Amino acid sequence: MPLSLLSPLPLLHSFPSTVATKSTVSRIRATPSNFRFSVVKATSENGNSGGRGNDREDDPAFNPFGFVTDNPSSRSAIQLPESPAEDGNVGQMLYRTEDKGREFGSTIKSGKLRWFVRETGSKESRRGTIVFLHGAPTQSFSFRTVMSQMSEAGFHCFAPDWIGFGFSDKPQPGYGFNYTEKEYHEAFDKLLDVLEVKSPFFLVVQGFLVGSYGLTWALKNPSKIEKIAILNTPLTVSSPVPGLFKQLRIPLFGEFTCQNAILAERFIEGGSPYVLKNEKADVYRLPYLSSGGPGFALLETAKKINFGDILSQIANGFSSDSWDKPILLAWGIADKYLPQSIAEEFEKQNSQNVKLRLIEGAGHLPQEDWPEKVVAALRGFF
């Protein structure tokens, strides 16, 4: 093989600072355990070389990952050619993304805090209200497709960004908000009042940290809940804690880790069989690019949580002796953080009220990986 064909390879790596053109470089994924690479042909600006912008992406025979050709959402979500942060300049990335990711959303003042809340449907929706709560380190953007389709099915939907995340306020600890479970619960109560959400309503929860706080809030407010759906969330004392949250709790190292601008997108990709397209990754990284506030909010939340206590609350609180309302577990079985066994263990603790629905092809964020299957599960349940 001519040396000229080999020379670009040393420049290809998984670090976000790589500067590349759309016509020359493909995205390469590496897993720390085996350092395997998956290389997909790059796309030129005019779309003639495959990948994004090429009609072959809609061809069922075009199958870059081998198992998702029948999944329209995941096929469109897959990052085919481009390197993350392809422009390599924070200012350029901010300019490119500043108007993205605010579908169905507006800022709501609740007490001294400003929440960013997405809303679809109307108060007159015939089938009731659903509140969607995201986990860390993501945002309500992950629910945009699901809540849009659920409103089309007759539901009124809200999806807030938790305080400290997404486009909501990120107050400095010690100045009105300290990122504790109690404060998150109190702030969420006030937000529900401002939004005039009538009880009982449907609740959907997903993810770590603030996702867990959504479940402990439900345990303290059972009369406000009609039914609850849980997507990939730690549910038992045996639930593993991802390395990211362990790193955030290490003095000094946590302060460094929390300021990684691509932290959220890499966490999503790490728990999924798919890779985000740049335009979606842009939205998840935007808060961390805009200021240091989101990173320090995540840091404080991770430092304040007592994982053992929270998981015990959830496991015991939703057991058959304590909880008698319907629960749907819509579980992405390709989750690399929380194995399917966690969902099965949780189901056994309250088999009379818990219904397990496995979602093939979806990872830790099934609402992002395969929203159509999540919608199907929710419509059948609610």
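The values are calculated or read from the model by the stated rules, or taken from the named source; none is laboratory data. Worth saying up front: this structure is predicted, and the values here are computed from it rather than measured. Note that each Cβ is placed from the backbone with ideal geometry, even for glycine, and that neighbours are counted across all protein chains shown.
For Trp331, the criteria (1) part of a loop (DSSP other than H, G, I, E, B); (2) touching a strand residue (DSSP E or B) at 6+ places or on another chain (Cβ under 6 Å) hold in every case but one, which is (1).
For Trp162, the test of being touching a helix residue (DSSP H, G or I) at 6+ places or on another chain (Cβ under 9 Å), outside any helix (DSSP H, G or I) and assigned by TED's automatic domain parsing to the domain that holds Ser122 is passed. With respect to the conditions (1) in contact (Cβ under 8 Å) with a residue 60 or more places away in the chain; (2) buried (at least 22 other Cβ atoms within 10 Å of the Cβ); (3) within 30 Å of Ser125 (Cβ to Cβ), Glu226 falls short on a single one, namely (2). In segment 200-210 there is at least one residue that is surrounded by fewer than 20 Cβ atoms within 10 Å (Cβ to Cβ) and either in the same structural domain as Leu338 (by TED's automatic domain parsing) or not in a helix (DSSP H, G or I) (or both). Between Ala153, Ala136, the distinction of being over 21 Å from Leu358 (Cα atoms), crowded, with 24+ Cβ neighbours inside 10 Å and either assigned by TED's automatic domain parsing to the domain that holds Trp323 or among the small types (Gly, Ala, Ser) (or both) belongs to Ala136 only. Taking every residue in segment 249-262 that is under 21 Å from Pro287 (Cβ atoms) and pairing it with any residue that is in a loop (DSSP other than H, G, I, E, B) and not hydrophobic (A, V, I, L, M, F, W, C), at least 6 positions away or on another chain, the pairs with Cβ-Cβ distances below 7 Å are Gln259/Gly292; Ile262/Pro16; Ile262/Pro84. If the condition is being touching a Ser or Thr at 6+ places or on another chain (Cβ under 8 Å) and buried (at least 22 other Cβ atoms within 10 Å of the Cβ), then segment 336-361 contributes Leu338, Phe346. In the condition set (1) surrounded by fewer than 23 Cβ atoms within 10 Å (Cβ to Cβ); (2) among the hydrophobic types (A, V, I, L, M, F, W, C); (3) in contact with a helix residue (DSSP H, G or I) (Cβ under 8 Å, 6 or more places away or on another chain), Ala264 is compliant with all but (1).
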